[in-house]
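In what follows, a structure is listed as structure tokens, so that the remarks can point back to it.
The values are calculated or read from the model by the stated rules, or taken from the named source; none is laboratory data. Keep in mind it's a predicted model, so treat the numbers as computed, not measured. Cβ coordinates were reconstructed from backbone atoms using ideal geometry, including for glycine residues, and neighbour counts include every protein chain displayed.
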Amino acid sequence: MSTYAWMITKDSLADNDSESAVGVQGPRDASDAMIAHLEAGKGHTFRMYDGDGELYYTGRATWDADAEGSEEACYGPLGDFGGPGAGCAEIRWHGHREWDCG
């Protein structure tokens, strides 16, 4: 079982001709309780950017108390989805300046 979960809430790449990633959740082994927490509008806000600093995705994430501030929690959305799915190179956490990963 994963120690974190994330959900995409805004897809800055989507337009009328492309499918939006809004609502995509991960990782696959995230607990139902964590997903429900995110679906209720709770969690920490993150933004993922490409190498040129263009915003691609905004989302929310949550994690177990033991995982707070960990590399796994910090990079999870980027490694699970943003990097492999769209080539995102950086993740920033709103309100958590020390967690800006890149």
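Just a few scattered comments:
- Residue 13 meets the conditions (1) touching a Phe, Trp or Tyr at 6+ places or on another chain (Cβ under 7 Å); (2) at pLDDT 95 or above; (3) of a type outside the set (D, E, K, R) in every case but one. The failed one is (2).
- Of the residues screened, residue 26 is one that is touching a helix residue (DSSP H, G or I) at 6+ places or on another chain (Cβ under 7 Å), within 15 Å of residue 81 (Cα to Cα) and free of Cβ contacts under 8 Å to residues at least 60 places away in the same chain.
- If you go through region 62-88 and keep only what is surrounded by 16 or more Cβ atoms within 10 Å (Cβ to Cβ) and without any contact (Cβ under 8 Å) to a residue 60 or more places away in the chain, you end up with 62, 74, 75, 78, 79, 82, 83, 88.
- One residue from 43, 59 being surrounded by 15 or more Cβ atoms within 10 Å (Cβ to Cβ) and either modelled with pLDDT of 95 or more or of a type in the set (Lys, Arg) (or both): 59
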